[in-house]
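Enquirer: Mind looking over this structure? Questions follow.
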Amino acid sequence: QVQLVESGGGLVQAGESLRLSCAASGRTFSTYAMGWFRQAPGKERQFVAATIWSRSSTYYADSVKGRFIISRDNAKNTVYLQMNSLKPEDTAVYYCAAAKTPLVLSKAQGYDYWGQGTQVTVSS
């Protein structure tokens, strides 16, 4: 039983930064992987970034490499997505997800728990 709650979304201008938070509650395990996905209207859900909770390994979609950083605060059971140099094409609802075991981190179907999403809008 894991619950995920995203926060930190909002409206920003192109080139600015935003940090999203994903607070996890309930029982979690060190083997869990945490991921961020996003979905724009009329488009498929897209992988953004992921990390394995007990490790320092991180993974990013090509579209966000060099701009976004996924990190975590173990004491707070919280995962963050620092988004820098935001572009209008980053506009989407961003979802936090957790996977019991790492399979293919970029595939949404591999995740077991999902948050409700937080809207990020980047104006041009």
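Enquirer: Using the heavy atoms of the protein chains alone and a 1.4 angstrom probe, what is the accessible area of the chain per residue in square angstrom?
Expert: On the way: 6540 Å² over 124 residues.
Ligands and nucleic acids excluded, the figure is 53 Å² per residue.
Enquirer: If the only charges are +1 at each Lys and Arg Cβ and -1 at each Asp and Glu Cβ, what is the size of the charge dipole of region 66-108 around the Cα centre, to the nearest 20 debye?
Expert: Details: 6 positive and 3 negative charges, 31 e Å.
Roughly 140 debye, rounded to the nearest 20.
Enquirer: Here is a follow-up. Determine the sum of side-chain charges near Ser106: Lys and Arg each +1, Asp and Glu each -1, restricted to other residues whose C-beta is under 15 angstrom from that of Ser106.
Expert: Values: positive: Arg38, Arg45, Lys65, Lys107; negative: Glu44, Asp62.
Overall, the nearby charge balance is +2.
Enquirer: Return the carbon/sulfur percentage of the accessible area of the chain, one whole number, probe 1.4 Å, all protein chains in place. Let's see the in-between values first.
Expert: Working: 3090 of 6540 Å².
Its accessible area is 47 percent carbon and sulfur atoms.
Enquirer: A further question follows. Would you list which lysines come within 19 Å of Lys87, measuring only between C-alpha atoms, while excluding same-chain residues fewer than 8 positions from it?
Expert: Lys43, Lys65
The values are calculated or read from the model by the stated rules, or taken from the named source; none is laboratory data. Since the structure is predicted, the reported quantities are computational estimates derived from the model, not experimental observations. A quick note on method: Cβ atoms are made from the backbone with ideal geometry, for glycine too, and the neighbour counts reach across all protein chains shown. Remember, those area values only see protein heavy atoms, side chains included, never the ligands or the DNA or RNA. Shrake-Rupley method; radii C 1.70, N 1.55, O 1.52, S 1.80 Å.
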